[in-house]
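Any read-out appearing in this document is the output of simple, stated calculations on the displayed coordinates, not a laboratory observation. Predicted model only: the values in this text are computed from it and were never measured. Counting neighbours? That spans all protein chains shown, and the Cβs are built from the backbone with ideal geometry, glycine included.
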Amino acid sequence: MTKDLGLSRRLRVATMALLLTTAPVFGQGTLTRVFVTPSDTTAGVGALYTLSFRTSLSGSLNGSGIPAKGRIRVTFDSTFTDSLVNAAINIYGLTGGYDSIKVANHKLTLYRDGTGAALAAGDSAMIKFAVVDNSALADTFQLFVETLNDTGAVIDTAKTAPFRIVPAALDHFAIDNVGTQAAGVPFSLKLYARDEHENLVTKFKRYVIFSANQGVVEPDTSGLFVNGTLTDTVFLNLAGAGRILSVRDTLNHTGASNAFLVNHGALHHFAVSNISSPQSAGVGFPVTFTAQDTFNNTVTSFASTATLTALTGVPAPATTGVFTLGSRTENVTLSVPATSNRLTVSAGGKDGQSNLFNVSVGALHHFHFTTIAGQQAGNAFNITIAAHDANHNTVSSFVGSTVLSDNTGSLSPTTSGAFTAGVRTLAVTITKTNANTVISANDGSGHLGQSDAFVVTHNNLDHFAVTNVAGGNIAAQTAGTSFDIRLVAQDAFGNTVVTHTGAGSAVSLANSTASLVPATSGDFTNGVLATQNVTISKTSNVDAITATHGASGKTGASNAFAVNHGPQVDFRIGPIASPQTAGAPFALVLTAVDGNENPVTSFAGTVNISVSGGGTIAPSVSGNFIGGVWNGSVAISTAGVNRTITVTNGAFSETSNVFDVNTGGLASFAISALASPITAGQNFNVTVTAKDANGNDFLHTGTVTLSDNTGSLTASQLVFAGQASATISDARITKAQSGVFLTASGNNRLGQSNTFNVTHAALSQFVVQNTTGGNIASQQAGTSFNIRIEAQDQFGNLVTAHNGAGSAVAMANTTTSIAPITSGNFSSGVLATQNVTISKTSNTDAITVTHAASGITGASNIFAVNHGSQADFRIGTIASPQTAGSPFALVVRAVDANENTVTSYTGTVSISVSGGGTITPNASGNFIAGVWNGSVAISNAASNRTISVTNGAFSETSNSFNVNTGGLASFTIDAITDKIAGQNFSVTVRAKDANGNDFLHSGTVNLSDNTGTLTASPLVFVNQASVTIADARITKAQTGVFITANGSNRLGQSNNFNVTHAPLNQFVVRNTAGGNITSQQAGTQFIVRVEAQDQFGNLVTSHSGAGSAVSISNTTSSINPTTSGLFTSGVLASQSVTINKTASADAITVNGGSPASNGTSNTFAVTHGPLSDFRIAN
């Protein structure tokens, strides 16, 4: 938008006219040669004004010339700021000075101070005064000048010659209001170059670059401004509200239009959303259709239906619903499988196509079986299954497996295995007969299939099933009692063989106890003998009936079943061996029996037992019978011959066979009384005597071994050789204990002594343990803990005599850090609780005690002393100096209050450095076993640096050290903005060390770029960190340009920037391949390519669109057309021309563009065409 500058000027002129009319017209002289010259005529800037004039010869009634105390009054336009004038100087004519300068209502009055001479009538004068701020309006102005006498009365008046205030430098661009436009339709645009005061900068005669806040502006470069204005034609390709056009010149002066609406263009085509591939036949899929103009803007006004077609098949629906705001989403279904199918949408003579996609067979719907003929149980046969969609097409993509089953439950296998191309043929077996067998397939995802019904018949006779008459297991039976069974002839799979029937079908019968009748069955009917009566006379827990067919050799057996006993009728006594030994138990087996001599297992009572021949039998009553049997043992107290045992329960009785009983043998040992106490480790005597069961001496032959209840007895064996007693003298017990006793053992006989006491031996050692008598566990440095010390003899017995005064021991440990070093006194050989503290850590510490008076010592187990709680960090010594940027070792330890490493600390610490700069890393890694062995680098050099570490709770500072600077590592190049080909620009290169610090470098750095066209002076560093050159120049237009600095084997690279073409300089005319135009034939059309280029051969892409056509001529002035088509981004790729006149050296010349440029092709021959006619010369 532009300000109303005309209104400002009209107001200014009216004000000036009013000022001029205030001067008296009659009786005043007129100044001549009145000129005013500002030192700077730029609008809005301060200037030194020079005023010159000549006084009138006649003067006025108020005097002539300018008196010595006279005045000079200058009236300015109201747009000037004259209130800042505070100094005036005479240049010529006037002498002396001015005692005051006053400004009121834009009237500047200079008061002469009377020190100079009066200026005579008709004399000239020149004065300078400052400072006046020029009007912000660029225009032509006049000042009104008056000379006055010392009373202020006017002498002479006049206006100055006109002078011009010119616009300030270009500040921005203004654009006239832009109304609603249509995408792709050119519209006129009025642009103005303005200074900061909105004056038109008429000297601006360059071009600007167009852009928009959304979309693309065509063309993107304007024509040249004329007198600061330009009317140009552009169009936008992207529809939408809030579009704003922006302009920018090569010096980044900018301007922007108002926000305006760009409507879509006319319907040009339809866009179709991407259709994924494949789609499934018969399954709908969503597709979005969008009406669009040439630039792919949605034509929101399109509200009709559209027709749908496909390369293969007919889409459903064939007509869309009505579009809403130019868009319509339909669920489309294609029923025919196809590859590379495509949808086309059409309406209003416009269409659009989708991407190519495949339509595959529909989704798996069910499984289909081929017809299956009748089969025989157990024989394998082939079946074929196909995966079908809902339309019975084979779904070749199905390569999965199905679960197979049948209505007999005997199908094998039960999985089909993987299908191939949707089909699976496999061999299966059914073992059960069925007149209507059906096989089913199920993939587990709801897809099923069934075969037709077919017959499965039995196989050959394989065996017989023997069951009860109901077809189940035979239950337990009673011996001697008849019962019925059922026999069925079956094949290998348990199917009834109905052909086994009538004569010759009977089978022989047997059982496990060979006590079954009858031995031959009746005949079968259709494979079944429904009832066969049998009787078994012998009991068995696992009896079974076996059937055998003599002709076929086939057999069968029943389940195992029990045949139980009948009622009890007596007892039976198992045979008793002879002789037995008096007092020695021997086996006695009693059985309750039925009438068939089967054990009556239900009898669970007892019987009385007696023996013939005197004495006693023990026990005299049996225990309860188990399963009809008592397996016991008895002992008879007296010897005798022809003895018998009788048992009875009152109802039944039985007597055993005759047997003899011999006398008893060795029964026990007796140990003679032992004195008490006995000292541990001292030998003593032991006497042992052999006894029979009645306590009488027994002449024994054999060895006797002694043991005790302390487990520490050692003694020789006592050897008996037909004698009643034996004595040894080397018995020895090492464990002190009260209530000790000895045990004698030999020939499985025992004897035990009286009890006695064993007391400790002399002091031999000390044992150091925890307070519960175990090993000392791991401890914490600096934390007290209790130990237990025992005084022991050589056998580990407590020396209770080590007691009271003089019993204390000296204490020490491996790290010599235990306190106290002397224990308390013992009580009865024990120091039950001794508190100690160890301050140093060790993985293998131990406590040693020594009794000074006896020299006896002792030591604890080895145990760990772990660190205490963390109290601080420690930093290992850092060598000095270090180098900035170079890593050096840093060792940090977590320590407890006793300077032990806190190995449990696995945290991290923050790391900082004094003296500025950065340290890397600024945090450690995790400590390992309380230590971080790391390395750090410091970015800047300084002396007396220290490193501090902290984890928030604890901190530590290292020793002081120095850090020296690093060396030259790289160069950096200051940011470079976009450039125009061929224009010089500045480049600043900086030397850096590895940490990016400025480095004082001496040497030469050369520049190169990735266009290969950079020319630039070398940058010579003389112990300085940066150097700038101003003559860098790139002639090749290119995006993504970067400059590389190279010196002292170090590099640096600038940011990426763009180099745009220079102004249009020339046209290049070639053939369409970009080469020379070859010979042509007169009258025959051929095609040329024309490129707009700058002076460096770069394509001038702004030469494009409307106004880009050029005139075409040739050497013979016979070319057609004489005006080209429009260029696109600097190229007219294909221009058809025809030359009608022959020439051996023709050439095509084009002219046009802004600035005006031309170009000529190579010379080429134009030869004549075919003979067309004859001409006769005059």
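Taken over the Cα atoms of segment 568-662, the convex hull encloses 78 Å³ per residue. For GLY751, the residues whose modelled amide H falls within less than 5 Å of its own, excluding neighbours fewer than 5 places apart on the same chain, are PHE669, ALA744.
Using every pair of separate Cα atoms, the Kirkwood estimate puts the hydrodynamic radius of segment 1066-1167 at 13.3 angstrom. In sequence order, segment 206-214 has phi-based couplings of 9, 10, 10, 9, 8, 8, 9, 5, 8 Hz under the Karplus curve 6.51 cos²θ - 1.76 cosθ + 1.60, θ = phi - 60°, and Gly or Pro positions carry x.
Proximity of backbone amide H atoms, modeled 1.01 Å from N, is registered between ALA212 and VAL217, SER246 at under 5 Å, excluding neighbours fewer than 5 places apart on the same chain. Summary of packing: across the peptides 594-605, 763-774, the per-residue average of other C-beta atoms within 10 Å ranks them, highest first, as 594-605, 763-774. For segment 968-1060, the Kirkwood estimate of the hydrodynamic radius, built from every pair of different alpha carbons, is 13.1 Å. Prolate is the label for segment 388-532, because the ratio a/c of its alpha-carbon gyration tensor axes (a ≥ b ≥ c) is 1.5 or higher and a/b is greater than b/c.
Taking amide hydrogens as placed 1.01 Å from N in the peptide plane, the amide H of LEU31 sits under 5 Å from those of THR157, ALA158, each at least 5 positions away in sequence or on another chain.
Cross-link pairs exceeding 24 Å in C-alpha to C-alpha distance, out of LYS128/LYS205; LYS102/LYS159; LYS190/LYS979, comprise LYS128/LYS205; LYS190/LYS979. With semi-axes defined as the square roots of five times the eigenvalues of the C-alpha gyration tensor, the equivalent ellipsoid of segment 797-913 measures 46, 13, 11 Å, largest first.
Scattering from segment 521-597 was approximated by placing one identical point on each alpha carbon and applying the Debye formula without solvent; log10 I(q)/I(0) at 0.28 1/Å stands at -1.34. Among GLY1012, THR1060, PHE971, flag the residue with its Cα farthest along the positive direction of the charge dipole of segment 968-1060, charges on Cβ as +1 for Lys/Arg and -1 for Asp/Glu. Projecting each Cα onto the dipole axis, the largest value belongs to GLY1012.
Given +1 at the Cβ of Lys and Arg, -1 at the Cβ of Asp and Glu and no other charges, the dipole of the chain around its Cα centre is 3200 debye to the nearest 20.
The P(r) of segment 763-866 has a tail past 23 Å containing 19 percent of all C-alpha pairs. Selection among GLY722, LEU189, ASN642 by position relative to the dipole of the chain gives LEU189 as farthest towards the positive end (Cβ unit charges, Cα centre).
Rounded to the nearest 10 degrees, the angle from helix 5-21 to the longest Cα principal axis of the chain is 40 degrees.
Inter-part distance, segment 143-200 to segment 386-408, computed on C-alpha centroids, equals 90 Å. Under a no-solvent Debye model with one identical scatterer per Cα of segment 69-214, what's log10 I(q)/I(0) at q = 0.14, 0.15 Å⁻¹? Reported log10 I(q)/I(0), two decimals: -0.77, -0.84.
Value of Rg to Rh for the chain, rounded to two decimals, is 1.28; Kirkwood radius and Rg both from alpha-carbon coordinates. Couplings 3J(HN,Hα) for segment 799-814, derived from phi with the Karplus relation 6.51 cos²θ - 1.76 cosθ + 1.60 (θ = phi - 60°), are 8, 5, 6, 7, 7, x, 4, x, 8, 4, 10, 7, 10, 9, 9, 4 Hz, where x marks Gly and Pro. For the chain, with the dipole built from +1 on Lys and Arg beta-carbon atoms and -1 on Asp and Glu ones, taken about the Cα centre, which of THR501, ALA884, HIS1103 lies farthest toward the positive end? Projecting each Cα onto the dipole axis, the largest value belongs to HIS1103.
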